[in-house]
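To start, the structure itself, in C-alpha cells.
The values are calculated or read from the model by the stated rules, or taken from the named source; none is laboratory data. In this text, all values refer to a predicted model and were calculated from it rather than measured experimentally. Ideal geometry is used to build each Cβ from the backbone, glycine not excepted, and the neighbour counts take in all protein chains shown.
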Amino acid sequence: MDDPEKTLILEDTADKTQKLPRLETNLFKTDAEKKKQDDFRRGQSKILQRLAANAPLTEILERLVLLIEAQSPGMLCSILLLSDDGDHVRHGAAPSLPKEYVAAIDGSAIGPKHGSCGTAMYRGEPIVVTDITVDPLWDDYRELALANGLRACWSTPILSGRGKVLGSFAMYYQEPRTPTGDEADLTEVGTRIAGLAIEHHAAKEILARTQAQLAQASYAADKGKAALSSADEINQQLEAIVMAAKSCLEMLDEDKPEIANFRGPLTNIVTHGRQALDVIARIRSSQN
C-alpha cells in the first residue's frame, strides 16, 4: 500500500516541475525587458554626453528622435522649435518623416487650429489627435498629412525650466491610434532632454554674442588707447617744433643774427615734423 504522505510529496514535486518552463519563460521576458530598458538608459546617457560636449543641436535632436522611435515599432517622431518671434515653427529633427512633409511644415504658423504641433505650442498643452481624417484641428493640414501616409499625431509642448514654450515633440502613426502609458513615458523623456538641449544651445548663442560684444568693446578700447598714445606722440613732436620755431624767432630779434645758428632749430623742425607725419600715417594705416 502506498504511503499517503509520500504520494502527496510526489504530486507536489510534479506540480512544481510542470510550472518550471512557464517560470523560465517569464524570467526570459523580464530579462529582455530589462535589457531594453538598460539600452534606453544608455542611449539617453550618450545623448547627454554629446550635449555636454557641445555637439550641434541638430545632432542632439536627431539622436533623441531615433532613440525614442526605436522603443515603439511604427512610431515616427519629430521635434519642432518655436521661432524667435513666437509665431511660427522651425524644423528641429524628423529623420524618419517624409521630406516633403517636413519641408511643408517648416515655417508654418502656430494657432488654435494648426494641426497637433502648432496647436500644442499655441496652447502650451499636449494635443492628442487619434485620427487626422476627422479631427478639425487638422482641417488646414489634412490633405498634406494624408498624402504622406500620416493618420495620427500626438504632440506635447517642450517647455523651458521656467515654463516657456520652446517647441514641440510629436509622435506620428500611419494608422488611427490611441496613446498608451508607454508613449507617455517616452514623451516625458523626449521633451525633457529636448528642452535641455534647446536651452543649452540658446545659452551658447547668448554666450557667443556676449563674447563678440566684449571683444568688440575691448578692440574699441584698445584702439582708443592707441589713439591716445599716438596723440601724445604727435603732441611731443609739435612741442619740439614750436620750441625750435621760437628759438628761430628769438635769434631774428638779435641785431645781427648769424644765419648758421638757424641750422640747428630748423633741422629740429624738419625732424620732428617728419616724426609727426609718420605717426599720422601709422594711424591711417591701422584704420584701413
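Candidates are the residues of the range 158-174 that are among the hydroxyl-bearing types (Ser, Thr, Tyr) and either within 15 Å of the chain's Cα centre (by Cα) or surrounded by fewer than 14 Cβ atoms within 10 Å (Cβ to Cβ) (or both); the one that is farthest from Pro95 (Cα to Cα) is Ser160.
Okay, residues lined up against (1) within 19 Å of the chain's Cα centre (by Cα); (2) part of a helix (DSSP H, G or I); (3) at pLDDT below 90:
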{"site": "Thr178", "(1), (2), (3)": "no, no, no"}
{"site": "His201", "(1), (2), (3)": "yes, yes, yes"}
{"site": "Lys204", "(1), (2), (3)": "yes, yes, yes"}
{"site": "Ala208", "(1), (2), (3)": "yes, yes, yes"}
{"site": "Leu214", "(1), (2), (3)": "no, yes, yes"}
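So in the range 80-118, with the set limited to residues that are touching a Ser or Thr at 6+ places or on another chain (Cβ under 8 Å) and basic (Lys, Arg), which one is nearest to Leu144 (Cα to Cα)? Filtering first and then ranking leaves Lys113. Among the candidates Leu146, Leu137, the residue that is more than 20 Å from Val65 (Cβ to Cβ), modelled with pLDDT of 95 or more and touching a Ser or Thr at 6+ places or on another chain (Cβ under 6 Å) is uniquely Leu137. Give just the number: which of (1) surrounded by 15 or more Cβ atoms within 10 Å (Cβ to Cβ); (2) closer than 16 Å to Gly190 by Cα; (3) out of contact with any Gly (no Cβ under 8 Å at 6 or more places or on another chain); (4) at pLDDT 90 or above does Arg41 not satisfy? Only one criterion is unmet by Arg41, namely (1). The residues of the range 46-84 that are of a type in the set (S, T, N, Q), in contact with a strand residue (DSSP E or B) (Cβ under 8 Å, 6 or more places away or on another chain) and surrounded by 16 or more Cβ atoms within 10 Å (Cβ to Cβ) amount to a single one, Ser78.
Being in the same structural domain as Ile280 (by TED's automatic domain parsing) and either over 23 Å from Ala281 (Cα atoms) or modelled with pLDDT of 80 or more (or both): is that true of Leu252 here? Criteria met by Leu252. Taken together, the criteria place Lys113 among residues that are surrounded by 10 or more Cβ atoms within 10 Å (Cβ to Cβ), modelled with pLDDT under 95, touching a helix residue (DSSP H, G or I) at 6+ places or on another chain (Cβ under 9 Å) and within 20 Å of Thr156 (Cα to Cα).
Scanning the range 180-193 for residues that are part of a helix (DSSP H, G or I) and either surrounded by fewer than 18 Cβ atoms within 10 Å (Cβ to Cβ) or touching a helix residue (DSSP H, G or I) at 6+ places or on another chain (Cβ under 6 Å) (or both) yields a count of 9.
Would you confirm, using the coordinates I've provided, whether Ile60 is aliphatic (A, V, I, L, M) and touching a Gly at 6+ places or on another chain (Cβ under 9 Å)? When the stated conditions are applied, Ile60 does not pass them.
Of the numbered criteria (1) at pLDDT 70 or above; (2) basic (Lys, Arg); (3) under 40 Å from the mean Cα position of the chain (by Cα), the one Arg274 fails is (3). Among the residues examined, Ser45 does not qualify as closer than 23 Å to Leu196 by Cα and in contact (Cβ under 8 Å) with a residue 24 or more places away in the chain.
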